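The values are calculated or read from the model by the stated rules, or taken from the named source; none is laboratory data. The structure displayed is predicted, hence computed values, not measured ones. Cβ sites come from the backbone with ideal geometry, for glycine too, and all protein chains shown count toward neighbours.
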Amino acid sequence: MVALTCIFKSMNQKQLFGSVLLSLLVTVVGCQSAPEPEAAPMAMAERLMPRFEVDPSWPMLPNDWVLGSVASVDVDSRDHVWIYHRPRSVDEAEQANSAPAVLEFDAEGDFVQAWGGPGDGYDWPSNEHGIEVDDQGHVWLGGNGGDPSSDDMVLKFTRDGEFVMQIGGRGTSGGNTDTDNLRRPAEAAIYRATNEVFLADGYGNRRVIVFDADSGEYKRMWGAFENEPLEASDEQPPSDDVLGPLQFGTVHGIEVSNDGLVYVADRDLNRIQVFSIDGAYQTQAFVNRDANANSVAGLAFSPDPEQQFLYVADLGNNHIHILDRQTLTILNSFGRQGPEPGQFGGVHHIATDSRGNLYTAEAQEGRRAQKLLLTDMVPLP
């Protein structure tokens, strides 16, 4: 067994990560198979490395339920973990035991509640994709189902599953110029300072689009490098030798930092782009630019107030990358493909809790969510 070691900046461990968990857990395997990280700056001498172990008993599914493709995971303000999976992807022989699409667990993995599915007044996605739980407890859900009637909407529910609002509608998209509808949106992020929802829109459009989080009123939108977004098609968008394509590929993940920066996961093009709240382009970074596609599928921040680290879910290579959020430099990478606890089978989205633990959603052969526990902080060798 090889302990999984990642790099964090030295900080108040109690404030960030809570107490060290010392239970007997299965150690994450395969760290040595990850690609070599980029050279880290000299400040690394001041840093500590946390050690993670996977909790193989998390979560505890009731009722003999089984999960299909786990599309997304998020953590709310109570450190409850929300799993969003695709019940229709469960094997036919096990359909009778398929869990509801939305499941809530406490931090220990005990089941709290489950709900989801078609109902009156809203269009349930044909292919579940992204979940976001805001600090008021509202649950935002999207889908990426395609033709003939694509998932051109995002849904807002209470934490108990009561429908609140829908933006867009099934099969109604007018493309990138349509400010009323979406086109297979991948994920939502809420920025409470402006009370806005930012949408990674997504599989059919090539844009970020912003709405008021209460009324659903359209606010603004932009494409890569703050260019006017073009319609998505099978053709590769115009490209620059250094910058890469001048439009998004698949806008697959989105997060807004405490200091008001919007981080966008451009999955097909293996890059992260950063914008101001108003959509002004700031910078970008590639992750495994020349490796398999889909290296940037999901994003999450470390839980310290400065959010000094950015986690990247690498779907194509089944790694998790740790980046310095300010420089977007890769500090370390870990993980490999496999069915064992701590290995990954299509790591699609990622989330963190207030103690620094990591949660993964595996949408391909993994069909599970995993919890990676921070066990201790150790000096750099």
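Residues checked against (1) part of a loop (DSSP other than H, G, I, E, B); (2) farther than 25 Å from PHE211 by Cα; (3) under 19 Å from the mean Cα position of the chain (by Cα); (4) in contact (Cβ under 8 Å) with a residue 12 or more places away in the chain:
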| residue | (1), (2), (3), (4) |
| --- | --- |
| SER77 | yes, no, yes, yes |
| TRP82 | no, no, yes, yes |
| GLY117 | yes, no, no, yes |
| LYS156 | no, no, yes, yes |
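Restricting attention to the stretch 258-283, the residues that are of a type in the set (S, T, N, Q) and in contact with a helix residue (DSSP H, G or I) (Cβ under 8 Å, 6 or more places away or on another chain) add up to 1. Restricting attention to the stretch 237-276, the residues being among the small types (Gly, Ala, Ser) and closer than 22 Å to GLY145 by Cα number 3.
Condition check ((1) surrounded by fewer than 14 Cβ atoms within 10 Å (Cβ to Cβ); (2) assigned to a strand (DSSP E or B); (3) of a type in the set (A, V, I, L, M); (4) free of Cβ contacts under 8 Å to residues at least 12 places away in the same chain) across all residues:
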position	(1), (2), (3), (4)
ALA93	yes, no, yes, yes
PRO100	no, no, no, no
GLU104	no, yes, no, no
ALA107	no, no, yes, no
TRP124	no, no, no, no
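Hey, any hits in the stretch 230-252 for a residue that's in a strand (DSSP E or B) and more than 20 Å from VAL287 (Cα to Cα)? There is no residue in the stretch 230-252 that is in a strand (DSSP E or B) and more than 20 Å from VAL287 (Cα to Cα). Listed here are the strands (runs of 3 or more DSSP E) enclosed by the stretch 269-372 that have at least 1 residues being touching a Leu at 6+ places or on another chain (Cβ under 7 Å) and of a type in the set (S, T, N, Q): 271-276, 281-286, 347-352.
Listed by first and then second residue, the pairs with beta-carbon distance under 6 Å, at least 6 apart or on different chains, first residue in the stretch 255-272 and buried (at least 18 other Cβ atoms within 10 Å of the Cβ), second of a type in the set (Lys, Arg), are ASN270/ARG289. With the requirement that a residue be over 19 Å from MET377 (Cα atoms), in contact with an Asp or Glu (Cβ under 6 Å, 6 or more places away or on another chain) and surrounded by fewer than 24 Cβ atoms within 10 Å (Cβ to Cβ), what does the stretch 331-361 give you? Of everything in the stretch 331-361, those that are over 19 Å from MET377 (Cα atoms), in contact with an Asp or Glu (Cβ under 6 Å, 6 or more places away or on another chain) and surrounded by fewer than 24 Cβ atoms within 10 Å (Cβ to Cβ) turn out to be GLY345, GLY346. If the condition is being assigned to a loop (DSSP other than H, G, I, E, B), touching a residue at least 24 places away in the same chain (Cβ under 8 Å) and within 23 Å of the chain's Cα centre (by Cα), then the stretch 177-204 contributes ASN181, LEU182, ARG183, ARG184, PRO185, ALA186, ARG192, ALA193, THR194, GLY202, TYR203, GLY204. Scanning the stretch 242-253 turns up no residue that is touching a residue at least 40 places away in the same chain (Cβ under 8 Å), hydroxyl-bearing (Ser, Thr, Tyr), within 20 Å of GLU306 (Cβ to Cβ) and touching an Asp or Glu at 6+ places or on another chain (Cβ under 6 Å).
In the stretch 309-326 there is at least one residue matching the filter, namely being closer than 24 Å to GLU196 by Cβ, over 16 Å from the mean Cα position of the chain (by Cα) and surrounded by fewer than 23 Cβ atoms within 10 Å (Cβ to Cβ).
Quick grid of which residues meet (1) in contact with a Ser or Thr (Cβ under 7 Å, 6 or more places away or on another chain); (2) surrounded by 21 or more Cβ atoms within 10 Å (Cβ to Cβ); (3) within 18 Å of ASP268 (Cα to Cα):
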position: VAL164; (1), (2), (3): yes, no, no
position: ARG170; (1), (2), (3): yes, no, no
position: GLY174; (1), (2), (3): no, no, no
position: ARG183; (1), (2), (3): yes, yes, yes
position: ASN205; (1), (2), (3): no, yes, yes
position: TYR218; (1), (2), (3): yes, no, no
position: LEU243; (1), (2), (3): no, no, yes
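Scan the stretch 218-236 and tell me whether some residue there is in contact with a Gly (Cβ under 8 Å, 6 or more places away or on another chain) and closer than 19 Å to HIS348 by Cα.
no
Identify all residues within the stretch 185-203 that are crowded, with 22+ Cβ neighbours inside 10 Å and either modelled with pLDDT of 95 or more or touching a strand residue (DSSP E or B) at 6+ places or on another chain (Cβ under 6 Å) (or both); write none if there are none. Matches in the stretch 185-203: PRO185, ALA186, GLU187, ALA188, ALA189, VAL197, PHE198, LEU199, ALA200, ASP201, GLY202.
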